1. Rounded to the nearest 0.05, what FRET efficiency do Val228 and Ala56 give with R0 = 41 Å and r taken as the Cβ-Cβ distance? Could you check?
2. Based on other C-beta atoms within 10 Å, arrange Glu191, Glu36, Glu207 from fewest to most.
3. Under the Kirkwood approximation applied to all pairs of distinct alpha-carbon atoms, what is the hydrodynamic radius of the stretch 83-232 in Å?
4. If R₀ is 25 angstrom, what is the calculated FRET efficiency for the pair Leu105 and Met221, using the beta carbon separation as r and rounding to 0.05?
5. Suppose R0 equals 22 Å; then what is the FRET efficiency for Glu30 and Ser71 from their Cβ-Cβ distance, rounded to the nearest 0.05?
6. Given the pairs Lys88/Lys113; Lys128/Lys225; Lys88/Lys174, which are separated by over 24 angstrom at their Cα positions?
7. Only counting other Cβ atoms within 10 Å, I'd like Ile134, Ile232 sorted with the fewest neighbours first.
Amino acid sequence: MNENILEEKAEQGYIPDISEVDIRTQYLVENPVNGEAYYELKQHAPCRLGIGKAGARYKTAPSLQFRAAHSAAQDAVFSHVDEEFLEKMNLFTIQSQCDNKDTYLTRPDLGRKINQEAVWILNEKCKKNPRVQIYVSDGLSSAAVVANVADLLPAIQQGLGGYGIEIGTPFFLKYGRVASMEPIAELLGAEVMCVLIGERPGLSTAESMSAYMAYNAYTGMPEAKRTVISNIHKDEPFQWKQEPILQT
């Protein structure tokens, strides 16, 4: 939407859904020397480039988009995964030694350990000594869990099952850190551990997830023994169009 139109609509009390704008298509520099070349450059990363200025300040649209992205990032950290979603995914819940979000953010060491109740639950409900143990954790983005797990977890299970690889009982760990896989691996005797965990949200997306994996994990093992696939989210690679969208 043109900046002037946005200003007019804002004065009328109407703000369009700014979160729907793909900032890779947004080029607000007026009278660019080589706008098409710069626009093409923007397609390689969802950075806030070429957003233009109105005098000494940024224009209204990118300013609001930045604030919206920042708010989404905060919500992703401080919100919780809905119980109905976990029930739908057939995931029972255990908890780390953190008792709330504040403790989780200030005591990473407690997020790496599971509480005693979790030990009892895992012993009671989980298959022992599986080839691969997969579980889900909120980490730093509950939004990532809701956005990705419904597609990702069944796909992984189906793929492993197709190769005849034994899979353990999946579950959800609340307030979990990546290294929580270590005591869980020792408890369940899993050969390979895989945790699907919400990443620290950024200003491009608050729904990014990582899959951390480790072979024969043990408490205190070095980070180098973990493998990660990061930036798992629904946004597809942007296909550059021949006709750039300028002043949108």
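A short reminder: the numbers here are calculations on the coordinates, not readings from a lab. Being a predicted model, the structure only gives us computed values, none of them experimental. Note that each Cβ is placed from the backbone with ideal geometry, even for glycine, and that neighbours are counted across all protein chains shown.
1. Values: r = 42 Å, r/R0 = 1.02.
The pair Val228/Ala56 has a calculated efficiency of 0.45.
2. By the 10 Å Cβ count, ascending, the order reads Glu36, Glu191, Glu207.
3. One over the average 1/r among Cα pairs gives 15.3 Å for the stretch 83-232.
4. Details: r = 24 Å, r/R0 = 0.96.
Efficiency, rounded to the nearest 0.05: 0.55.
5. With a Förster radius of 22 Å, E is 0.20.
6. As for pairs spanning more than 24 Å Cα to Cα, those are Lys88/Lys113.
7. Ranked by crowding around the Cβ, least crowded first: Ile232, Ile134.
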